[in-house]
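Colleague: Starting off with a structure, shown below.
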Amino acid sequence: MEAKEETKKEQEEVKGADLDYGDEPEGENPLIKKMIKIILKEREIPEILPYEEETVSELDTIVKEQEEAVSEQETRTANENFFVMIYKTEIERLKFLLKTYLRTRLFKIQKYYLYIIKHEKADLLSKAEYNFVANYFLYKRNHFKECFTKDLYDSLNDFVEIKEEDAVPHKNAPVSEDLVVQPSLKRPVFIKMNCDMPRVNDFVMETKENLKMGEIMLVPYDNCKDLIEANVAEIV
Amino acid sequence: MEALSILHSSKVLPEYPTYEIRQATKDINDLHDSMERKLKEIPDDDATAKPEISASALIDHYKLERSKRVLYAYHDERCNRLERYFWRHGNELSESFQTNASKQETDYFKNYINLIEEYSQNAVECNLDITTTMEPPRELLAKLRVIEDIGEVYLPDVGSVNLEKNSVHYLKKADVEQFIKAGKLIEMGS
């Protein structure tokens, strides 16, 4: 019994920060569960979604505090070392969630960088993402220029030369609409109903029955976009 | 156009077709000149006055727009391949990529790496390298064998480590992922 209490005490000392895993498995932690849902949504939905500042910042703080707490433990007993290993593994897993979320968004931003600029979607991005898209645009434009647009007549250049002070993304960025890759809103996504809902016109076209809670369907994203936003359905 | 089909059928990065690209830009400018000449022949911009010339000018316009889009698509796809290479194999280009990439593409690759590094440093407050841990981490430490001499490296958790050829180490995978991606270290038992 004493040994058990001692182990628990050591565990709390090493833990330091307030990340309480309790006796629940990782997937049951509400914050982690939320983050996994956010990643899934970002991965499956074709368009760029608003940056989840609050959740990311919460997870970021926890990782930072946990790392500090673990690194502060300089001299350790073998038992403490064991717990440090466990906590470091957990930190790596949390970091993996953060990395996956940021990478998923980054790949989408790269793919739709001109769409984000031309259609004023920059407000959906974090500050770091905004800086990224601005520089990515400039690098791409300069690369095209170095490779071939410098040899074309000025009137044929779709990335028109802009002044340095205007070199930030905005809807009037001088880029031809022909080059803009748009997210395919018709792409089918799997959704799960969070509540019962009567059949709605223009929704799942071939279904005539009412939609029941827990039902899983494959539908074009633009048909269920409103339901996802209203939390009536969720991406699975 | 041929260069695009070569790129399409190739899984790696084919040699940059400098001559073909120059020729294509020249053709586009020529088409533009031809279109301008034809437009000047149409009196008062009235397309119905000389329909055969208007149609010909329109065809020139569509041809040059198409050629331009092909050029953008071609260069964009090559950039995408360099970006994908970075995420899969790290920041050192393989010999075939180095040989086939143009100077501009090598510069683009370097700029892209810097851009990702800058983003990685500023995205969140905790110490996070988004280019590592592409797979969910199963264990903190991995048993790794050194395939190619790397020499002494400093790792945040263990300090200085001499990664000598054929030596085996238990290391945090995320710390040495760039060497794993480059094929200099392999995970034992995987």
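Colleague: Residue-wise, which Karplus ³J(HN,Hα) couplings in Hz belong to the range A:217-231, taking 6.51 cos²θ - 1.76 cosθ + 1.60, θ = phi - 60°, and x for glycine or proline?
Modeller: In residue order, the calculated couplings are 9, 10, 9, x, 4, 5, 6, 10, 3, 5, 5, 5, 5, 7, 6 Hz.
Colleague: Could you list the square roots of 5 times each eigenvalue of the Cα gyration tensor of the range A:105-145, that is, the equivalent ellipsoid semi-axes, sorted largest first and rounded to whole Å?
Modeller: So the equivalent ellipsoid measures 17, 10, 9 Å along its semi-axes.
Colleague: Set the Förster distance to 51 Å, then compute FRET efficiency between B:Asp129 and A:Met197 from the Cβ-Cβ distance, nearest 0.05. Intermediate results must be reported in sequence, preceding the final value.
Modeller: Values: r = 44 Å, r/R0 = 0.86.
Efficiency, rounded to the nearest 0.05: 0.70.
Colleague: On to the next question. Put a dot 7 Å past each Cα toward the Cβ at B:Glu77 and B:Tyr170; how far apart are the dots in nm?
Modeller: According to this spin-label approximation, the distance is 4.9 nm.
Colleague: Moving to a separate point now. When the Cα centres of the range B:32-96 and the range B:134-190 are compared, how far apart do they sit, in Å?
Modeller: Each part reduced to its Cα centre gives a spacing of 47 Å.
Colleague: Per 5 Å bin, what percent of the C-alpha pairs of the range B:141-187 does each bin hold, from zero upward?
Modeller: Final binned percentages: 5, 25, 39, 27, 4.
Colleague: Run lengths n ≥ 4 of DSSP H only: what is the helix-derived mean residue ellipticity at 222 nm for chain B, with -39500 (n - 2.57) per run over all residues, to the nearest 500?
Modeller: Values: 6 runs with 103 residues, N = 190.
My calculation for chain B gives -18000 deg cm²/dmol from helical runs alone.
Colleague: At a threshold of 8 angstrom on Cα-Cα distance, excluding pairs fewer than six apart, so keeping six or more, what relative contact order does chain B reach in percent? Don't skip to the end; give the middle numbers.
Modeller: Working: 180 pairs, mean separation 33.2, N = 190.
The value is 17 percent.
Colleague: First check a/c for the range B:2-123, with a ≥ b ≥ c the square roots of the eigenvalues of its C-alpha gyration tensor; if it is under 1.5, answer rounded, and if not, answer prolate when a/b is larger than b/c or oblate otherwise.
Modeller: Numbers: a/c = 3.74, a/b = 2.54, b/c = 1.47.
Here the range B:2-123 falls in the prolate category.
Colleague: Set the Förster distance to 41 Å, then compute FRET efficiency between A:Glu120 and B:His61 from the Cβ-Cβ distance, nearest 0.05. Walk me through the intermediate numbers first.
Modeller: On the way: r = 30 Å, r/R0 = 0.72.
The value I calculate is 0.90.
Colleague: Under a crude label model (7 Å from the Cα following the beta-carbon direction), how far is B:Glu41 from A:Lys225 in nanometres?
Modeller: 4.7 nm
Colleague: For the range A:28-160, give the magnitude of the charge dipole about the Cα centre (Cβ charges: +1 Lys/Arg, -1 Asp/Glu; no others), in debye to the nearest 20.
Modeller: Working: 22 positive and 24 negative charges, 124 e Å.
Here the range A:28-160 has a charge dipole of around 600 debye.
Colleague: Oh, and also: Please work out whether the range B:80-190 counts as rounded, prolate or oblate from its C-alpha gyration tensor, where a ≥ b ≥ c are the square roots of the eigenvalues and a/c under 1.5 means rounded, while otherwise a/b larger than b/c means prolate and anything else oblate?
Modeller: The shape class here is oblate.
Colleague: Hey, rough spin-label estimate for A:Asn131 and B:Tyr154, points 7 angstrom out along Cα→Cβ, what's it come to in nanometres?
Modeller: With each label placed 7 Å out from Cα toward Cβ, I get 2.3 nm.
Colleague: Taking both sides together, what accessible area is buried at the A/B interface, probe 1.4 Å, expressed in Å² and rounded to the nearest 100? Could you put the intermediate results ahead of the total?
Modeller: Working: alone 15290 and 13320 Å², together 24310 Å².
Chain pair A/B: roughly 4300 Å² of buried accessible area.
Colleague: Compute the separation of the alpha-carbon centres of the range A:51-67 and the range A:87-106 and state it in Å as a whole number.
Modeller: About 10 Å separates the Cα centre of the range A:51-67 from the one of the range A:87-106.
Colleague: Can you check what the net charge comes to around B:Lys11, using other residues whose Cβ is under 14 Å from the Cβ of B:Lys11 (Lys, Arg +1; Asp, Glu -1)?
Modeller: Numbers: positive: B:Arg78, B:Arg81, B:Arg84, B:Arg88; negative: B:Glu77.
In short, +3.
Colleague: What list of ³J(HN,Hα) values in whole Hz, one per residue of the range B:97-108 in order, does the Karplus curve 6.51 cos²θ - 1.76 cosθ + 1.60 (θ = phi - 60°) give from phi, with Gly and Pro shown as x?
Modeller: Ordered by residue, 3J(HN,Hα) equals 5, 4, 5, 7, 6, 6, 4, 4, 6, 5, 5, 4 Hz.
Colleague: If you don't mind, there's one more thing I want to ask. Tell me, what HN-Hα J-couplings in whole Hz come from the Karplus equation 6.51 cos²θ - 1.76 cosθ + 1.60 at θ = phi - 60° for each residue of the range A:95-110, using x for Gly and Pro?
Modeller: Listing the rounded values in order: 5, 4, 4, 4, 4, 4, 5, 5, 5, 4, 5, 4, 5, 5, 4, 4 Hz.
Colleague: Pairs of alpha-carbon atoms within less than 8 angstrom and 6+ residues apart define the contacts here; what relative contact order does the range B:141-187 have, in percent? List each step's numbers first, then the result.
Modeller: Working: 78 pairs, mean separation 23.3, N = 47.
Across the range B:141-187, relative contact order equals 50 percent.
Colleague: Right, next: Taking amide H positions as placed in the peptide plane 1.01 Å from N, state which residues far from B:Leu185 in sequence (5 or more) or on other chains have amide H under 5 Å from it.
Modeller: B:Ile147, B:Ile180
The values are calculated or read from the model by the stated rules, or taken from the named source; none is laboratory data. As the structure is a computational prediction, the values presented were derived from the model and not from experiment. Neighbour counts are summed over all protein chains in view; Cβ atoms, including those assigned to glycine, are modelled from backbone coordinates with ideal geometry. Protein only, heavy atoms only, side chains kept; ligands, DNA and RNA dropped before computing areas. Shrake-Rupley method; radii C 1.70, N 1.55, O 1.52, S 1.80 Å.
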